[in-house]
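A short reminder: the numbers here are calculations on the coordinates, not readings from a lab. Just so it is clear, the model here is predicted, and its values are computed rather than measured. For neighbour counting, all protein chains shown are included, and Cβ atoms are generated from backbone atoms with ideal geometry for every residue, glycine included.
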Amino acid sequence: MTKTDKFDNPINIFDRKQLHRNRDRAAKNLHSHDFLLQEVAERLHDKYLDIKRDFQNILDLGCHRGALATLLSDKFVIQQDLSRKYLDQIKGIRVQADEEALPYRSQSLDLIVSNLSLHWINDLPGCLAQIKQCLKPDGLFLGTLLGGESLTELRHCLMEAEINIRGGVSPRISPFMDVQAGGSLLQRAGFALPVVDTDRITVTYENAFKLMQELQGMGESNILNKRFKGLTSPRVMMECAKIYQEKYTDHRGRITATFDIIYLMGWAPHESQQKPLRPGQGKVSLKDVFGKIPRKS
C-alpha cells in the first residue's frame, strides 16, 4: 500500500499518534479549557439518570480528566484514555488504551459511556461493534461526539483566508457525523433500540485566536492525515481572525463558535427487549387515523 492509498482509505482519516501527543500536551492545563467537556458530561449524565436501571460495572471510554466518573462516583467505573498524562490526574481504576482497541472481555460490562472522544475514531463502525461486544446482554451504551455543523464558522473563515492568501485550501477541521448517520451506525454495529439526539451549544470568545487556543487546550487540534504539516502562515491566521470578526460576532463584539453535540444510545440485544412488529401485525386501523377513506372513482 502506498502512502497515498493509505490516506485515501476512509478508515485512516485521523493520525491517532498525533491525537496522543495533543492530549499529552493538553493534560497539564486542561482544567482551564474543559468547559465544553464538563457541560456535555453533565447533559449526558442527565440522560443516564432518566434510565431506571442499576448499572454496576461501567466503562468511561476516552475519559479525559474523569468528568463522568466524578458524576458516577457511587458506581464502579473504569476510566480509559489514550493519554497517560490525563490518567495521572485522576483517581480510581484507570486503563491506558486506545478507543480503537478495547481490552475487555466479551459481555463483561453493564454500561459504557463516552464523552466527546469518538469523533476522532477512524473505524467508528468497528469501534461501536467492539463496544457492543463488551456489553452484557441488555447492557447500555451512552455516548456523545462532535457532529453536524460544529465549528462551521471557523471552517469557513479558514477556507476563505487560505483562498485569499494562498489561492487554495488544505483540510484543517475534521469531517463531522450527522444525526442520520449516527442511527445507521448503531444499527450496523448490532445495537437494539438505537436512539440519536442532538444539542447545539454556542460559545463566545474574544477573538479567533482565543477559540483556537481553547481547541488546542482541549487536545482538539487538527489530526487529519491530509492536514498541512508545516506551520500555518501568520498572514493566513491574521486573515482568518479578520474574516471571523467581520462575519461572526455578537452584539458585544465577541465571536461565536457552534458545537453540535450528537448523543448516541443503544442496547446490547436481549430477549426481554421490546421488538418492532413484523409487517401485517399492526393493530391500528388507517380509518382510525384518517377517518373515512374515500373510494377511488
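Apply 1/(1 + (r/R0)^6) to the Cβ-Cβ distance of residue 254 and residue 106, taking R0 = 51 Å, and write down the FRET efficiency to the nearest 0.05. List each step's numbers first, then the result.
Numbers: r = 49 Å, r/R0 = 0.97.
According to the calculation, E is roughly 0.55.
Normalising by the residue count of segment 66-140, find the relative contact order in percent from Cα pairs under 8 Å and 6+ residues apart. Mind showing how you got there, number by number?
Numbers: 80 pairs, mean separation 20.4, N = 75.
27 percent.
State the extension gain, in nm to one decimal, for the chain segment bounded by residue 49 and residue 197, taking 0.36 nm per residue of separation less the distance between their alpha-carbons. Mind dumping the intermediate values first?
Working: separation 148, 0.36 × 148 = 53.28 nm, distance 1.60 nm.
Separation in residues times 0.36 nm, less the Cα-Cα distance, equals 51.7 nm.
Kindly write out, for segment 118-123 in residue order, the coupling ³J(HN,Hα) from the Karplus curve 6.51 cos²θ - 1.76 cosθ + 1.60 (θ = phi - 60°), rounded to whole Hz, with x marking Gly and Pro.
Rounded to whole hertz, the list is 6, 6, 9, 7, 5, 9.
Along the charge dipole of segment 115-214, which of 193, 163, 145 sits closest to the positive end, that is, farthest toward it, with unit charges on the beta carbon of Lys, Arg, Asp and Glu (+1, +1, -1, -1)?
193
Averaging sequence separations of C-alpha pairs under 8 Å and six or more residues apart, then dividing by the length of segment 127-227, give the relative contact order as a whole percent.
Details: 56 pairs, mean separation 32.3, N = 101.
Relative contact order for segment 127-227 comes out at 32 percent.
Per residue of segment 92-104, in order, report the coupling 6.51 cos²θ - 1.76 cosθ + 1.60 (Karplus, θ = phi - 60°) as ³J(HN,Hα) in whole Hz, putting x for Gly and Pro.
x, 6, 10, 9, 8, 7, 7, 4, 7, 9, 7, x, 10
Which far-off residues, 5 or more places away or on another chain, put their amide H under 5 Å from the one on residue 59, with H placed in the peptide plane?
Result for residue 59 returns 78, 111, 112, 113.
Efficiency by 1/(1 + (r/R0)^6): what FRET value for residue 152 and residue 187, r their Cβ-Cβ distance, R0 = 35 Å, to the nearest 0.05?
Details: r = 27 Å, r/R0 = 0.78.
It comes to 0.80.
Between residue 207 and residue 271, what's the calculated FRET efficiency when r is the beta-carbon distance and R0 is 45 Å? Round to 0.05. Walk me through the numbers before you get to the answer.
Working: r = 56 Å, r/R0 = 1.25.
Working from the Cβ atoms, E equals 0.20.
Only counting other Cβ atoms within 10 Å, I'd like 52, 210 sorted with the fewest neighbours first.
Working: 52 5, 210 15.
Listed from fewest to most nearby Cβ atoms, that is 52, 210.
Can you compute 3J(HN,Hα) from phi for each residue in segment 13-22, using the Karplus curve 6.51 cos²θ - 1.76 cosθ + 1.60 with θ = phi - 60°, rounded to whole Hz and x for Gly and Pro?
Values per residue, Gly and Pro as x: 6, 10, 8, 5, 5, 5, 4, 4, 5, 4 Hz.
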